[in-house]
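As structure tokens, the structure follows; a few thoughts come after it.
The values are calculated or read from the model by the stated rules, or taken from the named source; none is laboratory data. Remember, it's a predicted structure, so these values are computed and weren't measured experimentally. Cβ placement follows ideal geometry from the backbone for every residue including glycine, while neighbour counts extend to all protein chains displayed. Ligands, DNA and RNA are stripped out before the accessible areas are found, and what is left, the full protein with its side chains, is counted by its heavy atoms. Shrake-Rupley method; radii C 1.70, N 1.55, O 1.52, S 1.80 Å.
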Amino acid sequence: MTGSQLQTQIIQLIQKSEKILILPSSPPDGDSIGSALALFHVIKKLGKQATVACADPVPEAIQFLPTTNIIDSKLVTSNDFIVTLDLTKAKLDTIKTDLQDNKVNIIITPKEGTLGDKDVSFHYGQSKYDLIIVVDTGDLSQLGKLYEQNAGLFTQVPVINIDHHISNNHFGKINYIDIMASSTTELLIPVLEELSKVTGKELITEDVATLLLAGIITDTGSFQNANTSPKAFANASHLLGYGARQQEIIQHIYKTKNLTMLKLWGRVLTKIQFDKLFRIVWSTISQQDFKETQSRDEDTGDIIDELMTNAPGADIVLLIKQRHDGIISGSIRTVSPSIDASVIAEMFDGGGHTQAAGFKIKNGDLLQTEQNIIKKIREFQAKRLNIHPDEQPEVVDLKLNKEKFTKKLEAKKNWSAAKPAAGKKAAPKDIVESVAKNQDEIDLQPGVTYKFEV
Ligand SMILES: [Mn+2]
């Protein structure tokens with residue numbers, strides 16, 4: 001089915017539905033929240049009921065987006081038994097409940113008038129929804145407890161699945177998946193434009209445009225990641241035409257890094273390890289790091305992208321994080337599309353895109369898990385790079401020691417950077433200049449390998 005046929009089907013289903021549940025992936029990010037809330041605004045404007053629910057809280061960095069406060073953490077489901085009291089004949093004063101020996105008394109005090117048994121009715125809360133739209137989610141299990149606790153709902157109600165993850169397993173009745181899209185919000189633009197046309201309503205307001213742009217900006221790392229396509233740029237500028245507030249997004253997401261976050265980043269950067277042979281760069285964040293820097297899970301933000309820019313010579317960049325709930329999560333980036341990050345993530349039952357993917361492992365032991373992960377990724381690389389499995393990896397701790405560095409630099413004052421030896425990389429320009437000027441010290445960039453061998 002073509003993209004525009006899918007868009008038509010989505011529009012038809014939205015038009016004939018009245019109570020729509022919108023679910024972003026969990027934990028949510030700028031793209032999943034941007035997609036979910038943009039849909040929320042549009043569906044409300046069409047006069048329908050819309051609910052957005054997410055098992056995890058919205059990260060602080062994206063709470064500035066319009067109406068993140070409407071997101072629920074739970075669903076009303078068919079398991080609920082509902083007692084309804086008709087108050088047309090009596091005004092309500094107070095309601096108390098009193099639990100005694102397996103019995104609950106509901107004490108209703110009217111302000112005026114009297115209540116009788118005719119005023120009470122009982123029913124089961126039937127599924128409130130007639131359509132579910134899941135956005136930016138590769139697998140229903142990524143909805144966390146919202147899916148675990150309401151699995152039946154997803155078979156009773158039609159599900160629209162809108163996503164750009166390569167690992168998406170097509171769980172919907174309608175699956176609108178485009179792995180070439182930089183973000184899910186990008187996929188929503190033509191749908192919402194067509195819906196505006198069909199309904200004759202201006203659905204893409206400044207708020208909606210801002211939400212959609214937030215998805216593109218966050219998923220492309222502000223147009224720096226490999227998934228930044230010409231289409232992503234074109235769509236972003238198209239959204240600016242609708243009044244998207246780009247500066248607001250950049251200010252909140254990229255220009256406000258608090259002190260605790262910087263402390264945490266410092267720790268991660270000093271713990272970088274580099275396996276030269278297998279071309280893997282990785283770092284870890286332990287619960288102790290979080291505690292000692294007084295930072296939270298969400299403060300890790302885009303450290304992985306920071307690692308990426310600090311990892312010349314690596315094919316695979318990995319950040320391993322120990323979460324407070326006993327889960328160890330891994331984020332993977334690869335430097336070229338020929339190395340499929342989603343294949344690596346799948347080795348640990350995760351998924352994602354060609355150059356950005358992730359996984360979760362239930363284990364309390366960070367060191368042991370780290371060793372297992374690195375072992376498996378080395379095996380992956382051994383196959384890819386044709387390295388003999390017995391060859392010993394040389395792991396270089398990239399924690400740079402300024403004193404040692406200066407001594408090394410002095411020892412190599414005569415080193416000619418213009419002609420790196422065969423197989424050696426030329427040194428960064430600033431080092432070459434420092435050596436040339438006989439300087440003893442230069443500013444070091446953590447995480448960069450400085451090669452002196454000639
Ligand atoms: Mn996304």
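A few comments on the model shown:
- Residues that are among the polar types (S, T, N, Q), open to solvent by 10 Å² or more (accessible area, probe 1.4 Å) and either within 12 Å of the ligand (Cβ to nearest atom) or touching a strand residue (DSSP E or B) at 6+ places or on another chain (Cβ under 7 Å) (or both) within segment 158-171 comprise S167, N168, listed in sequence order.
- Pair list, Cβ < 9 Å and 6+ apart or interchain, from segment 361-378 residues that are of a type in the set (G, A, S) to residues that are not in a helix (DSSP H, G or I): G364/Q322; G364/G326; G364/I328
- Exactly one residue among L213, L277, L259, L239 is under 21 Å from A36 (Cα atoms) and more than 21 Å from the chain's Cα centre (by Cα), and that residue is L239.
- Some residue of segment 65-86 being within 16 Å of the ligand (Cβ to nearest atom) and out of contact with any His (no Cβ under 6 Å at 6 or more places or on another chain): yes
- With respect to the conditions (1) under 19 Å from V157 (Cβ atoms); (2) free of Cβ contacts under 8 Å to residues at least 60 places away in the same chain, E112 lacks only one, and its number is (1).
- Residue list for segment 255-300, restricted to those being assigned to a helix (DSSP H, G or I), open to solvent by 50 Å² or more (accessible area, probe 1.4 Å) and in contact with a Ser or Thr (Cβ under 6 Å, 6 or more places away or on another chain): K263
- The set of residues in segment 172-182 being open to solvent by 30 Å² or more (accessible area, probe 1.4 Å) and within 16 Å of the ligand (Cβ to nearest atom) consists of N175, I177, D178, I179, M180.
- Subset of segment 183-196 [out of contact with any helix residue (DSSP H, G or I) (no Cβ under 7 Å at 6 or more places or on another chain) and away from the ligand (no atom under 13 Å from the Cβ)]: E193, S196
- Residue match in segment 117-140 (condition: in a helix (DSSP H, G or I) and buried (at least 18 other Cβ atoms within 10 Å of the Cβ)): yes
- Residues of segment 13-56 satisfying the condition of being of a type in the set (G, A, S), open to solvent by less than 10 Å² (accessible area, probe 1.4 Å) and away from the ligand (no atom under 16 Å from the Cβ): S17, A53
- For segment 183-196, the criterion of being surrounded by fewer than 13 Cβ atoms within 10 Å (Cβ to Cβ) and assigned to a loop (DSSP other than H, G, I, E, B) is satisfied by no residue at all.
- In segment 143-157, the residues that are out of contact with any strand residue (DSSP E or B) (no Cβ under 9 Å at 6 or more places or on another chain) and surrounded by 19 or more Cβ atoms within 10 Å (Cβ to Cβ): N150
- Among the residues of segment 146-157, those identified as under 20 Å from P27 (Cα atoms) and either within 16 Å of the ligand (Cβ to nearest atom) or touching a residue at least 60 places away in the same chain (Cβ under 8 Å) (or both) are L146, Q149, N150.
- Filtered residues of segment 313-334 (kept if free of Cβ contacts under 8 Å to residues at least 40 places away in the same chain and assigned to a loop (DSSP other than H, G, I, E, B)): R323, H324, D325, G326
- For Q9: the one exception among (1) open to solvent by 60 Å² or more (accessible area, probe 1.4 Å); (2) away from the ligand (no atom under 16 Å from the Cβ); (3) in contact with a Pro (Cβ under 6 Å, 6 or more places away or on another chain): (3)
- Within segment 197-240, the set of residues being of a type in the set (D, E, K, R) and either surrounded by 17 or more Cβ atoms within 10 Å (Cβ to Cβ) or within 13 Å of the ligand (Cβ to nearest atom) (or both) comprises D207, D219.
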